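The values are calculated or read from the model by the stated rules, or taken from the named source; none is laboratory data. Keep in mind the model is a prediction, meaning the values are calculated, not measured. As a convention, Cβ positions derive from the backbone with ideal geometry for all residues, glycine included, and neighbour counts pool all protein chains shown.
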Amino acid sequence: MSDLALSPRKPAAPLNGYRIVQSISVFVIALVVISPLFMLFIASLKDDRFQILADMGSFRAFWVDNPTLNNFREVGNFAGELAFGRYLGNSLLILFSTVSLGLIINSMAGFILAWGSLPGRALILSLIIALYVIPQESIIMPLLIIVSRAGLSDTFTAQILPFVASPLYTFLFYQFFAQLPKELYEAASIDGASIFRTWWSIFMPLSLPALATVSILMGIEAWNQYLWPILITQTDYARPISVAIATFFGQDSIFWDRAMAASVLMMIPILVFYLAFQRWFISSFVGSAVKG
Amino acid sequence: MASVSIDNVAKFYGSHQVIHGIDIDIADGEFVTLVGPSGCGKSTLLRMIAGLEEISDGDIRIGDRLVNDVPPKERDIAMVFQNYALYPHMTVAQNMGFALKLKGESRAAIDARVKEAAAVLALEPYLDRLPKQLSGGQRQRVAMGRAIVRSPQVFLFDEPLSNLDAKLRVQMRAEIKDLHQRLGTTTVYVTHDQIEAMTMADRIVVMKSGVVEQIGRPLELYDRPANLFVATFIGSPAMNLIKGRVGSGGFVGEGGVVLPLPARAGASAVTYGVRPEHLTLDESGFRAEVVVVEPTGAETQVLVRCGGQTLVAVLRERVDLNPGDSIGLKPDLTAVHLFGEDGRRLQQE
């Protein structure tokens, strides 16, 4: 993908069967990915929640006759126990705490695995790779018990701490650090740098692509958490926006209009962040995954 | 400045031994070159002096201090790496001042020392540049600057000129030698290039397969190689070696060629060595057929064949020779080297 984005445009090849199939496939995939987002945006501009439901099965889902921002106004004035902005604030707090702590912890672990003299390093690395294949949902119940027993239920800590250390991000950092020349580490140790100083002053500033990749992946993951906050929060105090949106889906009625507007609002920060760093993200992700 | 003493040092990787009990004493202020082919253990030995490799056996002392278990930063050494290992995100000044900053020196002191080193290496115009904005030679100078700002007891160089082109290599060679003469810091320099070793060092350590083959001053090694390996490794073009035995009329080569022997030559010699420049055109010498003539201007290199052996002669005079010509060659008997069955030099006076 990055190659397509960066290389100069090639002259169009003559149309043939293969190219037609290729183009149609790309178009269909793009449609599948974009249409729900487009539908969500259109629905958020419709005033009547029953109309939204009625339109969903037809092409009218992609069209709005009288667009209005009423839903956004209502969302701004309401949601559950707390103001909507507060849930957004909760989400941002969780996002920034998880990402900043995660960058430090995972990069430190990756650095020690790549360059430290750690007994059983190969075994630890294999365990980390093995852990990566275990889905988060499968450990959620034991994790819930641990967090509850630790007295952390209904706190921000419970939503940040379990996601700070990650086998995937530790491995990404490990892979990135391991491909940097050994002499940099050795030069720093001869210059008198401690292992902490070498990590902080030499390897971290050289790891901007890896830092960008991990920030974006971790950020998206933290922003989209839903199951875990629902399980671990009993009150609205520490609830993120993803859970707040669920309050629009009541037992008796579903406020599709507000839910759609809230979803759009929830998407905007992460979408802006992603679009701003898109090219960097794609190239760095490919880079960190392939080189090594 | 300090002396470096390497006493019976060995290195094992698992059960594989790469350094076999090496003893070298480097005097205070001396420039010593470790030279040898790839895989001879010269870089490993340098890294052991630096503290980047553990010592499996033996002792290394810098000055009077045993440094076997001392971490690199406390050995008071500075190292210049083959790929420079400059910190890419730091400017030239920051690269050079990093070690001083870690020592907690004041900003003013760091600036002064960096400027002083930059002046020595003509790096003043580049202090605010990043390494990627510099040429290979400039990067090499920054790497040396990073080493000299610390005023270490010992400089360690690990093939520092390998990444430079031939012209720059010659220039940097002279600069490093000049720097050593001005600073007088004890220097250990690793290279696989025997010309570099010959031109720069006070003493050369020739290594092969983790063993020291010979230690000596450059011309000592050239004039009196201890064995066949040193004889062929030092000198370019390499020494001519002719296998054979000592007969009644001289040294009889395998193809039947008879070469004159110096007086009091050992009878056990099985290899006769003569450097290309010690063969001169002389009709009274042994006969040889010219194969290739390579005039370089200053001298003429002639590849000849005699009795199934191929030899090289370097002639200082201008000669008019053509492939197929039959010429007479005479070895300078004061510069003939004889080697025994075990490949060691036979003493002859």
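For region A:159-171, which positions are buried (at least 23 other Cβ atoms within 10 Å of the Cβ) and either within 14 Å of chain B (Cβ to nearest Cβ) or not hydroxyl-bearing (Ser, Thr, Tyr) (or both)?
A:Gln159
Do we find that B:Leu161 is away from chain A (no Cβ under 14 Å) and in a loop (DSSP other than H, G, I, E, B) in this structure?
Criteria met by B:Leu161.
Yes/no matrix, rows are residues, columns are (1) under 30 Å from A:Thr155 (Cβ atoms); (2) modelled with pLDDT of 90 or more; (3) not assigned by TED's automatic domain parsing to the domain that holds A:Val147:
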| position | (1), (2), (3) |
| --- | --- |
| A:Ser201 | no, yes, no |
| A:Pro205 | no, yes, no |
| A:Leu217 | yes, no, no |
| A:Ala222 | yes, yes, no |
| A:Pro240 | yes, yes, no |
| A:Ala244 | yes, no, no |
| A:Phe248 | yes, no, no |
| A:Trp256 | no, no, no |
| A:Val286 | no, no, no |
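I'd like to check something: does region A:213-220 contain any residue that is within 14 Å of chain B (Cβ to nearest Cβ) and touching a residue at least 24 places away in the same chain (Cβ under 8 Å)?
The answer is no, given that none of the residues of region A:213-220 is within 14 Å of chain B (Cβ to nearest Cβ) and touching a residue at least 24 places away in the same chain (Cβ under 8 Å).
Looking only at residues that are aliphatic (A, V, I, L, M) and within 9 Å of chain A (Cβ to nearest Cβ) in region B:81-99, which one is surrounded by the fewest Cβ atoms within 10 Å (Cβ to Cβ)?
So in region B:81-99, the residues aliphatic (A, V, I, L, M) come out as B:85-86, B:90, B:92-93, B:96, B:99.
Then drop every residue that is not within 9 Å of chain A (Cβ to nearest Cβ), which leaves B:85-86, B:90, B:99.
Details: B:Ala85: 25, B:Leu86: 26, B:Met90: 17, B:Ala99: 24.
By that ranking, first place goes to B:Met90.
Looking for whichever is farther than 30 Å from A:Ser207 by Cβ and not in a strand (DSSP E or B) here; the options are B:Asp59, B:Asp28. Which one fits?
On inspection, the qualifying residue turns out to be B:Asp28.
Can you name every residue in region B:35-80 that is within 27 Å of the chain's Cα centre (by Cα), within 14 Å of chain A (Cβ to nearest Cβ) and surrounded by fewer than 15 Cβ atoms within 10 Å (Cβ to Cβ)?
If the condition is that a residue be within 27 Å of the chain's Cα centre (by Cα), within 14 Å of chain A (Cβ to nearest Cβ) and surrounded by fewer than 15 Cβ atoms within 10 Å (Cβ to Cβ), then B:Glu54 is the only one that fits.
Among the residues of region B:89-137, how many are over 31 Å from the mean Cα position of the chain (by Cα), in a loop (DSSP other than H, G, I, E, B) and within 23 Å of A:Leu206 (Cα to Cα)?
8
Pick from B:Ala143, B:Ala197, B:Ala226: which is touching a residue at least 12 places away in the same chain (Cβ under 8 Å), away from chain A (no Cβ under 14 Å), surrounded by 15 or more Cβ atoms within 10 Å (Cβ to Cβ) and within 20 Å of B:Ser43 (Cβ to Cβ)?
One residue alone meets the criteria, B:Ala197.
Mind listing whichever residues of region A:213-255 are aliphatic (A, V, I, L, M) and over 12 Å from the mean Cα position of the chain (by Cα)? First the steps, then the outcome.
Taking region A:213-255 and keeping what is aliphatic (A, V, I, L, M), we get A:214, A:216-218, A:220, A:222, A:227, A:230-232, A:238, A:241, A:243-246, A:254.
Across region A:213-255, the qualifying residues are A:Leu227, A:Ile230, A:Leu231, A:Ile232, A:Ala238, A:Ile241, A:Val243, A:Ala244, A:Ile245, A:Ala246, A:Ile254.
Which of the residues belonging to region A:111-144 are exposed (fewer than 13 other Cβ atoms within 10 Å of the Cβ), polar (S, T, N, Q) and in a helix (DSSP H, G or I)?
Listed by number, the residues that qualify are A:Ser126, A:Ser138.
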